[in-house]
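Q: After the structure tokens below, expect a handful of questions from me.
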Amino acid sequence: MIRSALKRWAALTLVAVSTPALAQLYDGARLIPGDGGPAIESSAFLVESGKITRVGKRGEVTAPTGVPRVDLSGKTVMPNIISTHVHPGFQKGISYGASNYTREVILNDLNLALYYGVGAVMSQGIERGDLLLQMRDEQTAGKLGGARVLVAGRGIGAPNAGPGALAYKGIAYEVTTEDQIRQAVREQAARKVNAIKIWVDDRGGRAPSLSPELSAAAADEAKKHNLRVSAHVYYHRDAVGLAGARVDSFAHLVRDAVMDEPLLVAVIRNRVFVMPNMGGGERTTHTTPPDWWSEPYLVGLLKDTASPEVIERMKGLFAPRDAAVVERVRGIYRNVHQNTRRLNEAGARIILGSDTGLPDHLFGYAEQRELELMASAGMTTMEVIVAATSRGAEYLQLSDTGTLTAGKRADFLVLDANPLDDIRNTRRIARMFVNGVEIDRAALKASLIK
Ligand SMILES: [Zn+2]
């Protein structure tokens, strides 16, 4: 038992940590830069010491003498996916709860993300103690693998208005005064978090919502520490207050209504990043298995990464349920869908976020589903890719990744088909590189806890 755990630990550690090859020319692929610029058909790019140093057309970019050339003809390359709203450390196989919040389970979530092509994630505020911060720092030091993790630390809400489930009990700060919320932000800044998370929701009437004044105080205090504030939001009225409070991002969309024109204008004017988080709700709207459940590449990835018991339970969600409940969740989802569409048409800064890590909302799988849902709400495949790469990096203040352009880290996916034709082609991962080093996906798969 101990020996097998140790063996797995060694595999997990080795999978994504090694020294970048000195130089490599990748030649012949269609290259999607991730910044919204057009794809380069038949590209070539040079990677030196983990960084992209030159990008252009095949034949224009040549390798210096002695540099190996890798033929990627027929493939498409794009930046690794960046997911801005995750909660690692709660699900271990079939079990879900606070007792799973260990190094092993967190690393497993980060490895799962990587297996599905997700190179970086932001944990949004449900974190106990310093474990995740320590793991982030070990990654920075090159001592730990998995998708690169950024940490929002301990989130802040009004009393009883933080995340409600038992697994998350006691994690959020509960504040009622401006002094308290400023103090909470200062404490988190001192712990060197990457962002501040606040919850603004009355939780169906069970609690008071955090007021716009307190949200504004959090945003003001966070700015002093160069930290972005990410706000969980549910109601239209709270979103109006939050846009005015100058928070940096909505960690969800407005769900009780279709956003009106003044709110859209405020979101655009204040340059608020928005995470649609469509997938968690969408899956509850079905009473029979939807078509997307059987999409072969998604099925393949799920079988690679989850046990039959977990898959069976996920499928069990698509069963006849109380008609009033189904009606209600469909209404909420219609609002989310409509608001994603309206925000995109208005030119809002949409980023990929899926509330990954909620029960059976698995790392990597949730992101792959979310991309498809963003496209279903009218975003072009190029817009979805930008949201999931360069704009996510901008939100996370990661200046070294998110595009395939000179000077960035060589963080990229090699796909068997073009995601500009069909966004679901991001599931057809042939190879993945992080910092110029190829991930051993077979070893990664073998190391996963199911
Ligand atoms: Zn969340």
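The values are calculated or read from the model by the stated rules, or taken from the named source; none is laboratory data. Predicted model only: the values in this text are computed from it and were never measured. Glycine gets a Cβ as well: all are built from the backbone with ideal geometry, and neighbour counts include every protein chain shown.
Q: Can we say Asp421 is under 25 Å from Ala44 (Cα atoms), more than 16 Å from the ligand (Cβ to nearest atom) and surrounded by fewer than 24 Cβ atoms within 10 Å (Cβ to Cβ)?
A: yes
Q: Might you check whether a residue that is in a helix (DSSP H, G or I) and either under 30 Å from Arg271 (Cα atoms) or touching a strand residue (DSSP E or B) at 6+ places or on another chain (Cβ under 6 Å) (or both) occurs anywhere in the stretch 312-321?
A: For the stretch 312-321, residues in a helix (DSSP H, G or I) and either under 30 Å from Arg271 (Cα atoms) or touching a strand residue (DSSP E or B) at 6+ places or on another chain (Cβ under 6 Å) (or both): absent.
Q: Out of curiosity, is Val384 outside the structural domain of Val149 (by TED's automatic domain parsing) and either in contact (Cβ under 8 Å) with a residue 40 or more places away in the chain or of a type in the set (A, V, I, L, M) (or both)?
A: For Val384, the condition - outside the structural domain of Val149 (by TED's automatic domain parsing) and either in contact (Cβ under 8 Å) with a residue 40 or more places away in the chain or of a type in the set (A, V, I, L, M) (or both) - is not met.
Q: Shifting gears a bit: Which one of Glu345, Glu282, Glu372, Glu367 is touching a Ser or Thr at 6+ places or on another chain (Cβ under 7 Å) and at pLDDT 95 or above?
A: Result: Glu367 is the single residue among Glu345, Glu282, Glu372, Glu367 that is touching a Ser or Thr at 6+ places or on another chain (Cβ under 7 Å) and at pLDDT 95 or above.
Q: Still on this structure: Look through Ala207, Ala217, Ala231, Ala257 and report the one residue that is more than 16 Å from the ligand (Cβ to nearest atom), closer than 18 Å to Ile181 by Cα and at pLDDT 95 or above.
A: The match here is Ala217.
Q: Here's something else I'd like to know. Can you tell me which residues in the stretch 241-254 are more than 13 Å from the ligand (Cβ to nearest atom), within 20 Å of the chain's Cα centre (by Cα) and farther than 18 Å from Asp202 by Cβ?
A: Asp248
Q: Could you give me the residue pairs with C-beta distances under 8 Å whose first residue belongs to the stretch 231-254 and is over 18 Å from His85 (Cβ atoms), whose second residue is away from the ligand (no atom under 12 Å from the Cβ) and hydroxyl-bearing (Ser, Thr, Tyr) wherever it lies, and which are 6+ apart or on separate chains?
A: Tyr235/Ser209; Gly241/Ser211; Gly241/Ser215; Ala245/Ser215
Q: Would you check if Ala377 is within 20 Å of Pro276 (Cα to Cα) and either free of Cβ contacts under 8 Å to residues at least 12 places away in the same chain or of a type in the set (A, V, I, L, M) (or both)?
A: yes
Q: Sticking with this one: Can you tell me which condition Ala251 does not meet? The list is (1) surrounded by fewer than 20 Cβ atoms within 10 Å (Cβ to Cβ); (2) more than 19 Å from Glu187 (Cβ to Cβ), and all the others hold.
A: (1)
Q: Pick out the one residue from Ala348, Ala323 that is surrounded by fewer than 17 Cβ atoms within 10 Å (Cβ to Cβ), assigned by TED's automatic domain parsing to the domain that holds Ala251 and of a type in the set (A, V, I, L, M).
A: Step by step, each of Ala348, Ala323 is checked, and only Ala323 is surrounded by fewer than 17 Cβ atoms within 10 Å (Cβ to Cβ), assigned by TED's automatic domain parsing to the domain that holds Ala251 and of a type in the set (A, V, I, L, M).
Q: Looking at (1) hydrophobic (A, V, I, L, M, F, W, C); (2) part of a strand (DSSP E or B); (3) within 16 Å of the ligand (Cβ to nearest atom), can you tell me which one Ile106 breaks?
A: (2)
Q: Something else about it: Only one of these is part of a loop (DSSP other than H, G, I, E, B), of a type outside the set (Lys, Arg), on the phi > 0 side of the Ramachandran plot and within 16 Å of the ligand (Cβ to nearest atom): Gly74, Gly89, Gly129, Gly142. Name it.
A: From the options Gly74, Gly89, Gly129, Gly142, the qualifying one is Gly89.
Q: Looking at (1) surrounded by fewer than 18 Cβ atoms within 10 Å (Cβ to Cβ); (2) of a type outside the set (Val, Ile, Thr); (3) touching a helix residue (DSSP H, G or I) at 6+ places or on another chain (Cβ under 9 Å), which is the only condition Leu415 fails?
A: The failed condition is (1).
Q: For the subset of the stretch 78-98 comprising residues that are buried (at least 24 other Cβ atoms within 10 Å of the Cβ) and of a type in the set (Ser, Thr, Tyr), which member is nearest to the chain's Cα centre (by Cα)?
A: So, considering only residues that are buried (at least 24 other Cβ atoms within 10 Å of the Cβ) and of a type in the set (Ser, Thr, Tyr), the one nearest to the chain's Cα centre (by Cα) is Ser83.
Q: Another question, if that's okay. Could you identify the single residue in Ala152, Ala167, Ala195 that is surrounded by fewer than 24 Cβ atoms within 10 Å (Cβ to Cβ), within 15 Å of the ligand (Cβ to nearest atom) and of a type in the set (A, V, I, L, M)?
A: Ala167
Q: Something else: How many of the residues making up the stretch 23-62 are farther than 27 Å from Asp422 by Cβ, among the hydroxyl-bearing types (Ser, Thr, Tyr) and not in a loop (DSSP other than H, G, I, E, B)?
A: So the answer is 1.
Q: Select, from Val55, Val61, Val47, the only residue that is away from the ligand (no atom under 16 Å from the Cβ), over 25 Å from Leu352 (Cα atoms) and surrounded by 24 or more Cβ atoms within 10 Å (Cβ to Cβ).
A: Val47
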